[in-house]
Every structure is written in C-alpha cells, then in structure tokens.
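Undergrad: Shown below is the structure under consideration.
The values are calculated or read from the model by the stated rules, or taken from the named source; none is laboratory data. Every value quoted in this text rests on a predicted model; they were computed, and no experiment measured them. When we count neighbours, we look across all protein chains shown, and the Cβ atoms used for this are built from the backbone with ideal geometry, even at glycine.
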Amino acid sequence: MVESQVYAVFLYPAALEALGDAVKPYLVEGPSGPHLLCIGVDTGGAFCEMALQGRDNAGKLVELELMIPTGMIRLIASVHGRDVGFGFA
C-alpha cells in the first residue's frame, strides 16, 4: 500500500501578517502553530509551489495550488500519513 506524502509548511510570522486574509482559509492550527498542509511542494525557484487539497462550498474535493516567495517559509516538515496528528509536545 502506498502512503500519501503530506508536508506541513510553516511560514514566518511576518509572512503570515503580510499575506493576511489571502492565506487564512488554508491555514491549519496545530500545537506548533499555524501551518499549511500540502500534498506536494516544489521549492525549485523564487516561489514555492504548494499543492493543497480541500473541499469547495458544495463539499466536492478540490485541489488548488498556492505560490509564495520561498523567503517566507520558515520550515517544511514531511508528515507520514494523513491520519497522524502533527505537532510538537
């Protein structure tokens, strides 16, 4: 069985403030702070491309892509499996 790869992307506090309401719908709050849960991350340029999965207003599963400057990223952590809680104790 293939386990899906998930990444927790943490942004600097100044980046969260600068992005403001544009990024808030995609943030997940956890014990280690707000982060983006991504199903794909490409850091190979001036912008980090992140693929996220969510649901639209009708409840249909959708995939979207966010691109933010790589300098806004504080940490990217690989999370194995979606059902595993993520955070630091």
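Undergrad: Can you say whether Val6 is surrounded by 10 or more Cβ atoms within 10 Å (Cβ to Cβ), at pLDDT below 90 and aliphatic (A, V, I, L, M), as far as the supplied structure shows?
TA: So Val6 fails the test.
Undergrad: Within segment 45-54, restricting attention to residues that are small (Gly, Ala, Ser) and touching a Ser or Thr at 6+ places or on another chain (Cβ under 9 Å), which residue is farthest from Lys24 (Cα to Cα)?
TA: Out of the qualifying residues, it is Gly45.
Undergrad: Taking the residues in segment 50-73 that are part of a strand (DSSP E or B) and surrounded by 14 or more Cβ atoms within 10 Å (Cβ to Cβ) as candidates, determine which candidate is modelled with the lowest pLDDT.
TA: Applying the first criterion (part of a strand (DSSP E or B)) to segment 50-73 yields 50-55, 61-69, 73.
Retained after the next criterion (residues that are surrounded by 14 or more Cβ atoms within 10 Å (Cβ to Cβ)): 50-53, 66, 68, 73.
Values: Met50: 96, Ala51: 96, Leu52: 93, Gln53: 88, Leu66: 94, Ile68: 96, Ile73: 97.
The residue in question is Gln53.
Undergrad: Just a yes or no: is a residue in segment 32-42 modelled with pLDDT under 95, out of contact with any strand residue (DSSP E or B) (no Cβ under 7 Å at 6 or more places or on another chain) and surrounded by 14 or more Cβ atoms within 10 Å (Cβ to Cβ)?
TA: Scanning segment 32-42 turns up at least one residue that is modelled with pLDDT under 95, out of contact with any strand residue (DSSP E or B) (no Cβ under 7 Å at 6 or more places or on another chain) and surrounded by 14 or more Cβ atoms within 10 Å (Cβ to Cβ).
Undergrad: Could you tell me which numbered condition Val23 fails, if it satisfies all but one of (1) in contact with a strand residue (DSSP E or B) (Cβ under 7 Å, 6 or more places away or on another chain); (2) surrounded by 12 or more Cβ atoms within 10 Å (Cβ to Cβ); (3) modelled with pLDDT under 95?
TA: (1)
Undergrad: Then there's this: Can you tell me which residue is farthest from Tyr7 (Cα to Cα) among those in segment 74-89 that are of a type in the set (Val, Ile, Thr) and at pLDDT below 90?
TA: Val84
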